[in-house]
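Every number in this text was worked out from the coordinates using simple rules, so none of it is lab data. Bear in mind that the values here come from a model prediction, so they are computed numbers and not experimental data. All Cβ positions, even for glycine, are placed from backbone atoms using ideal geometry, and neighbour counts span all protein chains on display.
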Amino acid sequence: MSLLELREETVGYSGTTVLRELELNIEQGERIALVGESGAGKSTLLNLIHTRLGETAALVPQELGLVQALSVFHNVYMGRLHQRSVWRNLRNLLKPAKADVALVVPVLERLRLEDKLFTSVGELSGGQQQRTAVGRALFHPGDILIADEPVSAVDEHQAREILDAITAEKPTVILAMHDRELAIQFADRLIGIRDGKIALDVAASGMTPKDLDDLYRNGDR
């Protein structure tokens, strides 16, 4: 089932074109990794996809978008704010309900953050904050997860754990990834961006990091 089709799309900011002549079809159940050097337009494409899909998709932005003064619980709970009543959300802000805490805890256990449940996000390490943002996206009820470099601040072992959690919980996943080897292992489809266009769209199976060298002509490897 097709989730999104882009045909001859052009997108940019402040009058500057970032991506042009986009031709892309995304099917339900795909695991897609966007690859390409820094500044190629991966984030721009992710933002376009998220805008088109709306609330059916959870987003982990590169800047994370966490509320530093609030706890890990509160930040993860935000994944379902749009589903809850204003009263329920206000109540949880002041005193989290046991039922809602019980829903969040399994997500944090999967990401090994359960001991930080009521710790303020501002007290966490960069890697812990990144896992919190992933937890918020996993708590989102939609079947689609879009993330911009969601494992850039963690070690390789933690990265694999996070990717395993994402793929176990969300049927359709679209990630921008810097680590080419992880991208190939995680995805079933690779989309490479170069010179403002989609330069590569292939199955990940059988690919090697070296096969992607042409996307990184400026040395971002």
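Name the long-range amide H neighbours of A199: under 5 Å, sequence gap of 5 or more, or other chain; modelled H, no Pro or chain starts.
Hits under the 5 Å cutoff: G192, I193, R194.
Please give the Cα centre distance for the range 127-145 versus the range 164-198, rounded to the nearest Å.
That distance is 16 Å.
Output wanted: per-residue J couplings in Hz (rounded whole) for the range 28-39, from phi through Karplus 6.51 cos²θ - 1.76 cosθ + 1.60, θ = phi - 60°, x for Gly and Pro.
Here the 3J(HN,Hα) series is 4, x, 7, 10, 10, 10, 8, 10, x, 5, 4, x Hz.
Can you compute the charge dipole magnitude of the range 90-221 about its Cα centre, using +1 on each Lys and Arg Cβ and -1 on each Asp and Glu Cβ, nothing else charged? Give it in debye, rounded to the nearest 20.
Dipole about the Cα centre, nearest 20: 440 debye.
For each of R7, R131, R189, count neighbouring Cβ atoms within 10 Å of the residue's Cβ, then give the residues from fewest to most.
R7, R189, R131
What residues have an amide H closer than 5 Å to that of V18, excluding those fewer than 5 places away on the same chain, when H is modeled at 1.01 Å from N in the peptide plane?
Counting only residues 5 or more places away or on other chains, the set is V11, G12, Y13.
Residue by residue through the range 174-190, what is 3J(HN,Hα) from phi via Karplus (6.51 cos²θ - 1.76 cosθ + 1.60, θ = phi - 60°)? Round to whole Hz and write x for glycine and proline.
10, 10, 8, 9, 8, 7, 5, 5, 4, 4, 5, 5, 6, 8, 9, 8, 10
Got a sec? How would M177, M78 order by Cβ neighbour count within 10 Å, fewest to most?
By the 10 Å Cβ count, ascending: M78, M177.
Can you put T51, T132 in order of Cβ neighbours within 10 angstrom, beginning with the fewest?
If I rank by nearby Cβ atoms, fewest first, I get T51, T132.
Between the range 66-97 and the range 35-53, how many Å separate their Cα centres?
Computed from Cα coordinates, the inter-centre distance equals 28 Å.
Which of K42/K98; K170/K197; K116/K197 have a Cα-Cα distance over 30 Å?
Listed pairs above 30 Å: K42/K98; K116/K197.
Ordered by residue, what ³J(HN,Hα) values in Hz, to whole numbers, does the range 73-85 give under the Karplus form 6.51 cos²θ - 1.76 cosθ + 1.60, where θ = phi - 60° and Gly and Pro are x?
Once θ is set to phi - 60°, the couplings for the range 73-85 become 3, 4, 5, 5, 4, 4, x, 10, 3, 5, 8, 9, 6 Hz.
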